[in-house]
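Here is the structure we will look at.
The values are calculated or read from the model by the stated rules, or taken from the named source; none is laboratory data. All figures in this text were calculated on a predicted structure; none of them were measured in a lab. No Cβ is skipped: glycine too gets one built from the backbone with ideal geometry, and neighbour counts run over all protein chains shown. Areas reflect the complete protein model, heavy atoms only, side chains present, ligands, DNA and RNA absent. Shrake-Rupley method; radii C 1.70, N 1.55, O 1.52, S 1.80 Å.
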Amino acid sequence: MKISLNQMFKSINKWCIGAVAVLLFSGSYNANAQGEALFKAKCGTCHQPHKNGTGPKLFQVRKKWADGGAKDGSIYLWVNNWQAAAASDPYAQTVSTWAPTAMQAFPELKKEEIDAILDYVDATPDPAAAPADGGAASGDGMAATGEEMEEEGTFNWIWVLLGVIFAVIIGAVSGVRRQLKSALNEGEDSEDLSYAQEFKTWAWKNKVYVGVGSLIIVICLLVSGILGLGNIGVVEDYQPSQPIEFPHEIHAGINGIDCKYCHNSVTKSKSAGLPTVNVCMNCHKQINGRTPEQQEKIAKVYEAAGWSTEGAGGYTGKTKPIKWNKVHVLPDHVYFNHSQHVVVGGVDCKQCHGDMTKQKETARVVPVEELNKIEGNVVLTRPTLTMGWCIECHGEKSIADGPLDTKKDGYYDEIHRRLLNNDKTLYKKYLDDGKVTVKELGGWECAKCHY
Ligand code: HEC
Ligand code: HEC
Ligand code: HEC
Ligand code: HEC
Ligand code: HEC
Ligand code: HEC
């Protein structure tokens, strides 16, 4: 029995539809990246999908609450404010006794975001169930490695899928080749259609699928690439040791010294700058500390400045520069400008560095969850100082100044005036969401941040 070319292509089409569907599925797997990011940023410290930790495992917790007779929607209230939930719903009240530690409140999370988190949790395969029988029983160690493997999951998934698609295409092409051969054998003509030519013919006939297929492949690669980039070089909570234990709390907090007194180029240039020891000596010539520990610490300042407290005191000329270790470090290929953010953008130091007036120890890179708790900060989900963090804020933050606001700034007045006069449609589009974000002024362009 012979299959006609036409039938052959029809069957290839079915394969293609299947392949595209599989790819779409992988797309939707990625689409819950928001849930994953939120889970990791906000819940992951206490919760795991399949294992109890500080908090209980969250797998299918919505079902558990529904089955347990919790009030409708009470689980969302729980996440926003567990105390309110425990007060209004007896089921939530029993949950709240699970551990002596209490859960944090997340008033900022919308219902859809909580659903995204819990969808992500429910879609996470149980690592203990995967490796045959032994896995489930073998306790903590096993589960921990399972967790790690699952972290890589999204990425490998895509490669496996690409492999399958590729195999399908190869299979289909060789099928066509055989078919073409037998068809052509009846007529005499060329045996020697090359694979490339055959592929071209096939691809041309199925241009819609080939087009959509390649587009989806490219999109999958881009999405996984961008998600991956967002996590490169996470340095949150980095707190290097310092030659002198300089406490910001005593200086910027208790004694109310302005940040600019010490970081005096922060409003004028790219870098904030660190104070020279002379700046310290403006005060410490007089202040040598009340307790022995303080005196010991401040003695290091004197040593650096070449200041002697012996005898009559005074400068000895033997200085020894303080080598502060850099805390916030961006790679060389990234351009970041303080004055642009602090002055033009009107962004407060707290947004990126946390409340330094309360920093008792040496400076550190404050994790994004802590930054999110500070009043007035834009809530972000990507780790501090990563590329994802920068661009997320650029997508969220409106450029506060200019005609949109009462606060006037010449630079933005000018931009807004020009947009208004030259291209009203564009301006309208910007204002659709009520704000002009940094992104809309080009804050997502690679070249703005990369040399
Ligand atoms: C600081 C630790 C901590 C963080 C962070 C945290 N939780 Fe919890 N969570 C708990 C504890 C502890 C419980 C158990 C209740 C209790 O003992 O108060 C709990 C209970 C829950 C429950 C009920 C579980 C059950 O089995 O009925 C849900 C749902 C929940 N948390 C969701 C979340 C979500 C969503 C996030 C992130 C947005 C989150 N939690 C972040 C500690 C935390
Ligand atoms: C009396 C001087 C002084 C004042 C006032 C001061 N700082 Fe600092 N700051 C320093 C010194 C010295 C260091 C280096 C030591 C360290 O990193 O702990 C530093 C380090 C920092 C760092 C880490 C720098 C790095 O290496 O990445 C940040 C961020 C910072 N300060 C922010 C602030 C903010 C915000 C304020 C105002 C609330 C402030 N500082 C006020 C002296 C000061
Ligand atoms: C939009 C986020 C952001 C804001 C707002 C911000 N900083 Fe920074 N800060 C950074 C980044 C990013 C670095 C690392 C820069 C680098 O490595 O090039 C940094 C580095 C620093 C340093 C280390 C020295 C240097 O210049 O690299 C100091 C000190 C500092 N910031 C102080 C401040 C002070 C004071 C303010 C408020 C007046 C402030 N920053 C506001 C993001 C910010
Ligand atoms: C505007 C004045 C002023 C400047 C400038 C200043 N300090 Fe201080 N510093 C103080 C005061 C006030 C105290 C608290 C002394 C006390 O509690 O008796 C202090 C305390 C200290 C202590 C002891 C902290 C402790 O743990 O108790 C150290 C260390 C110190 N300063 C280092 C520095 C260094 C390094 C610089 C320069 C980067 C600097 N200070 C700049 C006013 C200043
Ligand atoms: C908290 C929000 C926030 C974070 C985080 C942030 N930025 Fe910005 N950024 C702004 C604002 C607001 C502006 C607007 C000022 C302007 O457009 O000149 C801006 C502007 C810029 C610009 C100029 C864009 C343009 O169109 O001219 C660059 C470059 C930039 N940021 C780089 C960075 C880098 C690199 C990081 C991460 C290390 C970062 N930003 C993190 C808020 C942020
Ligand atoms: C708002 C600023 C900003 C924009 C816009 C931006 N990046 Fe980045 N990018 C960063 C920062 C900051 C890092 C360093 C992250 C880290 O060290 O964790 C980075 C890191 C990278 C890296 C990783 C290099 C390494 O350190 O290994 C690549 C690649 C990259 N960016 C490419 C791009 C491309 C392509 C675009 C345009 C689509 C882009 N970036 C747009 C801020 C930005």
(request) Return yes when Asn13 is in the same structural domain as Trp202 (by TED's automatic domain parsing), assigned to a helix (DSSP H, G or I), modelled with pLDDT under 85 and surrounded by fewer than 16 Cβ atoms within 10 Å (Cβ to Cβ) and no when it is not. (result) yes
(message) I need the full set of residues from region 377-400 which are polar (S, T, N, Q) and under 16 Å from Glu36 (Cα atoms), in order please.
(response) Thr381
(request) Can you work out which of the residues in region 354-391 that are out of contact with any Gly (no Cβ under 8 Å at 6 or more places or on another chain) and open to solvent by 50 Å² or more (accessible area, probe 1.4 Å) is modelled with the lowest pLDDT? (result) Gly376
(message) Name the residue that is nearest to Val266 (Cα to Cα), counting only residues in region 331-347 that are modelled with pLDDT of 90 or more and within 9 Å of ligand 5 (Cβ to nearest atom).
(response) Asn337
(message) Can you tell me which of (1) open to solvent by less than 50 Å² (accessible area, probe 1.4 Å); (2) modelled with pLDDT under 85 is the one Ala129 doesn't meet?
(response) (1)
(request) Within region 315-333, work out how many residues are hydrophobic (A, V, I, L, M, F, W, C) and more than 15 Å from ligand 2 (Cβ to nearest atom). (result) 0
(request) Quick one: in region 207-233, of everything that is open to solvent by less than 70 Å² (accessible area, probe 1.4 Å) and modelled with pLDDT under 85, which residue is farthest from Met387 (Cα to Cα)? (result) Cys220
(message) So, in region 329-361, exactly how many residues are assigned to a loop (DSSP other than H, G, I, E, B) and within 16 Å of ligand 4 (Cβ to nearest atom)?
(response) 3
(message) Residues to consider are Gly273, Gly306; find the one that is in contact with a strand residue (DSSP E or B) (Cβ under 6 Å, 6 or more places away or on another chain) and open to solvent by less than 60 Å² (accessible area, probe 1.4 Å).
(response) Gly306
(message) Restricting to region 328-357, name every residue that is among the hydroxyl-bearing types (Ser, Thr, Tyr) and over 19 Å from the mean Cα position of the chain (by Cα).
(response) Ser339, Thr357
